[in-house]
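Chemist: I'd like to ask some things about the structure below.
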């Protein structure tokens, strides 16, 4: 492993609306990371517009690559490979990132590796920089709760490329449930962030009784569609004045319902697998109440818990770079026919015996097309 020529990679992440480029070394050190977030472009539409997202990627990506190299005090001579998100995500966004990565790989004769965006989140807590360094004694196996606007899954991470999905949401992801309720009560976009902020204004988390879907279910699976429907029914019963007057309480109560379900699944996994190493990752792991509650749970149960800094919770190229360089050092490469995929590949993860197959994977199985990307690492 020490003789591997892969010591530094340039990584590109364009799976959704954020454009991100990073330079990362084999130890997870982030030499530089630059991002372009264009929430204001999507705000008038109340959500992410795929066409706007892909157009913004086309506009900002190459300048960000140059800026990232400059901030890292690096040239293409010191870059050993290129890692890029090629699944899952918005197809237009993925195509921009992948075509750019392929062009750079060919122009500078660099090896290319395609990375599953979700795998990147599983390694985000192991990134390091001047402000954050993960503990050196944290290793495999560990339980990972990855939660975002499009995905909510509980993983058993056994090693590089060896990931078992213990449970997943049967319908809406936690981040989607946050965003939809925020939109219903008039908070706009990005909803989850604004809901969190509003809940901190003296919100009483017991003011409203929202359902906790599947919290007592024997499986590790989750469901948030019932919560979303309950929030919609409640909002319909309240006047706009009542919603405004009780906004912090509505947000805190709704938020608590999601947090309690997630914590229940973490506790169930702790009891089942007798592990004391856990990570919390993904965009929703930036939620202040979830962080507070999970840290308290970890303290009470003597859990070794890792949560990445806020900048590595949301979609970022640094996590793609770390996963990418680990695969490159493992002898893996992708060819120039690497394809983008809107969903994860069937070979990316295995499923625990009682785990529901996420809706995205069910659609993929019905519409499976030939893949020219890499399979599961050995």
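The values are calculated or read from the model by the stated rules, or taken from the named source; none is laboratory data. Quantities reported herein were computed from a predicted structural model and do not represent experimental measurements. Every residue, glycine as well, gets a Cβ built from its backbone with ideal geometry; the counts of neighbours run over all protein chains shown.
Chemist: Mind checking which pairs have a first residue in region 319-331 that is outside the structural domain of residue 282 (by TED's automatic domain parsing) and a second that is part of a helix (DSSP H, G or I) and at pLDDT 95 or above, Cβ under 6 Å, 6 or more apart or different chains?
Modeler: 319/120; 319/123; 319/124; 320/120; 322/123; 323/119; 323/120; 323/123
Chemist: Moving to a separate point now. Could you list, in sequence order, the residues of region 264-290 that are touching a helix residue (DSSP H, G or I) at 6+ places or on another chain (Cβ under 8 Å), outside any loop (DSSP other than H, G, I, E, B) and over 12 Å from residue 147 (Cα atoms)?
Modeler: Of everything in region 264-290, those that are touching a helix residue (DSSP H, G or I) at 6+ places or on another chain (Cβ under 8 Å), outside any loop (DSSP other than H, G, I, E, B) and over 12 Å from residue 147 (Cα atoms) turn out to be 266, 267, 270, 278, 288, 289.
Chemist: Moving to a separate point now. Residue 230 versus (1) closer than 18 Å to residue 172 by Cα; (2) assigned to a helix (DSSP H, G or I); (3) without any contact (Cβ under 8 Å) to a residue 12 or more places away in the chain: which is the lone unmet condition?
Modeler: (3)
Chemist: Residue pairs, Cβ under 9 Å, 6 or more apart or interchain, first in region 298-309 and at positive phi, second surrounded by 14 or more Cβ atoms within 10 Å (Cβ to Cβ) and in a loop (DSSP other than H, G, I, E, B). List them.
Modeler: 302/276
Chemist: Shifting gears a bit: Within region 299-324, which residues are in a helix (DSSP H, G or I), modelled with pLDDT of 95 or more and touching a helix residue (DSSP H, G or I) at 6+ places or on another chain (Cβ under 9 Å)?
Modeler: 301, 312, 317, 318, 319, 320, 321, 322, 323, 324
Chemist: Give the residue, chosen from 98, 94, that is at pLDDT 95 or above, more than 17 Å from the chain's Cα centre (by Cα) and either at positive phi or buried (at least 20 other Cβ atoms within 10 Å of the Cβ) (or both).
Modeler: 98
Chemist: Now for a different question. Within region 105-121, restricting attention to residues that are crowded, with 20+ Cβ neighbours inside 10 Å and in a helix (DSSP H, G or I), which residue is farthest from the chain's Cα centre (by Cα)?
Modeler: So the residue we want is 105.
Chemist: Which condition breaks for residue 89 when tested against (1) assigned to a strand (DSSP E or B); (2) on the phi > 0 side of the Ramachandran plot?
Modeler: (1)
Chemist: Among the candidates 47, 28, which residue alone is within 19 Å of the chain's Cα centre (by Cα), modelled with pLDDT under 90 and either farther than 14 Å from residue 93 by Cα or surrounded by fewer than 19 Cβ atoms within 10 Å (Cβ to Cβ) (or both)?
Modeler: Result of the check over 47, 28: 47.
Chemist: Please verify whether residue 123 is within 26 Å of residue 167 (Cβ to Cβ), out of contact with any strand residue (DSSP E or B) (no Cβ under 7 Å at 6 or more places or on another chain) and at pLDDT 95 or above, treating the condition exactly as stated.
Modeler: The answer is yes for residue 123.
Chemist: I need a count of the residues in region 72-94 that are within 15 Å of residue 111 (Cβ to Cβ) and in contact with a helix residue (DSSP H, G or I) (Cβ under 7 Å, 6 or more places away or on another chain).
Modeler: 6
Chemist: Go through region 316-343 and give me each residue that's touching a strand residue (DSSP E or B) at 6+ places or on another chain (Cβ under 6 Å) and within 14 Å of residue 86 (Cα to Cα).
Modeler: 316, 317, 320, 321, 323, 324, 334, 338, 340, 341
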